[in-house]
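These notes are about the structure you will find just below.
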Amino acid sequence: RMVKEWGMSDKVGRVAVSEPSGRGPFMGGRMMRRPAQWGNNILGTVEQEVERLVNNSYMIAKKVLNENRALLEHLTGVLLEQETVSAEEFQMMLVEFKARTIDYAIIGKERNRGMLPFQNMTATY
């Protein structure tokens with residue numbers, strides 16, 4: 001949706017290449033509108049941008065989880081014991097385990113398709 005509906009890509013530009021989702025037809029409004037026709041070039045660029053964002057976001061999330069594994073394992077144990085953790089307790093854990101974050105503004109320019117673990121899996125559909 002970021003790329004296709006909201007135009008949040010410098011490579012694609014500030015255009016919406018698909019209809020906004022979540023809006024139901026109001027009194028046949030969708031029947032009156034003709035969908036925009038986009039060429040294969042722009043649609044290919046959109047698909048590449050979506051793939052780049054998804055792949056790099058996956059890699060960033062995996063890195064953050066791996067770097068903070070000790071914190072997550074401790075948090076799991078505490079939650080199994082007492083079921084809840086207060087905000088203060090969680091903040092103390094962040095400090096105790098020196099939780100590391102990453103700048104989410106940095107999403108790679110490459111698609112990084114080869115770095116994903118599920119690329120070698122066979123299709124099940």
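Just so you know, all these numbers are worked out from the coordinates, no wet-lab data involved. As the structure is a prediction and not an experimental result, all values here were calculated from the model. Cβ coordinates were reconstructed from backbone atoms using ideal geometry, including for glycine residues, and neighbour counts include every protein chain displayed.
The table that follows gives values for the structure above.
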{"read-out": "Cross-link reach list, aspartates and glutamates versus K11, counting only Cα pairs under 15 Å and skipping chain neighbours closer than eight places", "value": "E47, E49, E51, E110"}
{"read-out": "Sites H74 and N112 - FRET efficiency at Förster radius 22 Å, r taken between beta-carbons, to 0.05", "value": "0.10"}
